[in-house]
Amino acid sequence: MGKRIIIKTTLICIGVFLILNSVTLAYIFKKYPLDTEQYVPAVIAAADIDPGTVIESKHVRTKQIQKSALSEAMETDIGNVIGKKTVGRIAKSDYFRGYDLLDKNNWYEQDERIIILPASVEERLANLIRKGSYIDIRLKKDTGQVIETILKKVMVTDMLDENGNSIDSITGINSRTAYMELVLGEDERRKVYAAITEGKLIYELYCNESQQ
């Protein structure tokens with residue numbers, strides 16, 4: 001009889017212990033869940049960075065963050081950040097995002113601006129002038145047949161339709177009038193604006209980029 005009581009008591013104690021243990025573990029895991037998510041590096045600013053700064057190694061470091069917190073715009077490779085220029089101010093410990101940075105081929109001088117010149121299908125040489133083309137801008141004066149060169153070897157940075165949408169260089173332009181986007185410095189813009197008041201602009205296309 002005594003042995004049965006001892007066994008029953010022991011089993012009850014073990015059962016109570018297991019129940020309490022389960023409840024305790026459940027509470028702990030609920031309050032402090034195990035972090036099993038993968039961590040990835042994100043590139044952050046090591047110090048405050050002003051707009052227009054060319055990023056060097058001293059400006060950046062990495063921080064491990066949960067993969068779920070990573071967005072497509074956030075940079076994860078320091079090599080993809082160094083050498084680029086900041087568009088706006090980046091505060092210390094802020095993440096670097098692709099839209100905050102400019103590649104070197106997108107850097108412009110302080111006096112450069114975008115201008116738009118309309119061009120008929122004849123003026124753009126039956127659609128031969130397209131995005132990426134190099135042209136000479138020449139002036140045919142209203143007073144006579146004198147033609148002079150205003151600007152040499154200007155790149156057409158884009159070709160736009162009447163809604164301002166970039167036109168695919170393969171499909172071409174359906175409308176007769178398209179708009180050439182040019183990036184010009186202040187002196188270059190003055191020459192173009194002055195030429196427009198004196199006569200008609202003519203565009204001559206380079207056969208390839210290597211021509212002087």
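The values are calculated or read from the model by the stated rules, or taken from the named source; none is laboratory data. For clarity, every value in this text was computed on a predicted model and none was experimentally measured. As a convention, Cβ positions derive from the backbone with ideal geometry for all residues, glycine included, and neighbour counts pool all protein chains shown. Remember, those area values only see protein heavy atoms, side chains included, never the ligands or the DNA or RNA. Shrake-Rupley method; radii C 1.70, N 1.55, O 1.52, S 1.80 Å.
Within this structure, Arg138 passes the test of being in contact with a helix residue (DSSP H, G or I) (Cβ under 9 Å, 6 or more places away or on another chain) and not in a helix (DSSP H, G or I). Across region 185-209, what is the number of residues that are among the polar types (S, T, N, Q) and over 18 Å from Arg124 (Cβ atoms)? Summing the residues that are among the polar types (S, T, N, Q) and over 18 Å from Arg124 (Cβ atoms) in region 185-209 gives 1. Screening Asp111 with (1) outside any strand (DSSP E or B); (2) in contact with a strand residue (DSSP E or B) (Cβ under 8 Å, 6 or more places away or on another chain); (3) surrounded by 10 or more Cβ atoms within 10 Å (Cβ to Cβ) gives one miss only, at (2).
In region 64-73, the count of residues that are touching a residue at least 24 places away in the same chain (Cβ under 8 Å) and within 29 Å of Glu109 (Cα to Cα) is one or more. State yes or no: is Gly132 of a type outside the set (Asp, Glu), closer than 22 Å to Trp107 by Cβ and at pLDDT below 90? Answer is yes for this residue.
For region 134-158, enumerate the residues that are touching a residue at least 60 places away in the same chain (Cβ under 8 Å) and more than 22 Å from Gly185 (Cα to Cα).
Just the residues of region 134-158 that are touching a residue at least 60 places away in the same chain (Cβ under 8 Å), to begin with: 134-140.
Across region 134-158, the qualifying residue is only Lys140.
Within region 50-108, being under 30 Å from Leu184 (Cα atoms), part of a strand (DSSP E or B) and either open to solvent by 60 Å² or more (accessible area, probe 1.4 Å) or out of contact with any Leu (no Cβ under 6 Å at 6 or more places or on another chain) (or both) holds for Val54, Thr86, Ile90, Arg97, Leu101, Leu102.
Is it true that some residue in region 147-161 is in contact with an Asp or Glu (Cβ under 9 Å, 6 or more places away or on another chain), open to solvent by 70 Å² or more (accessible area, probe 1.4 Å) and in a loop (DSSP other than H, G, I, E, B)? No.
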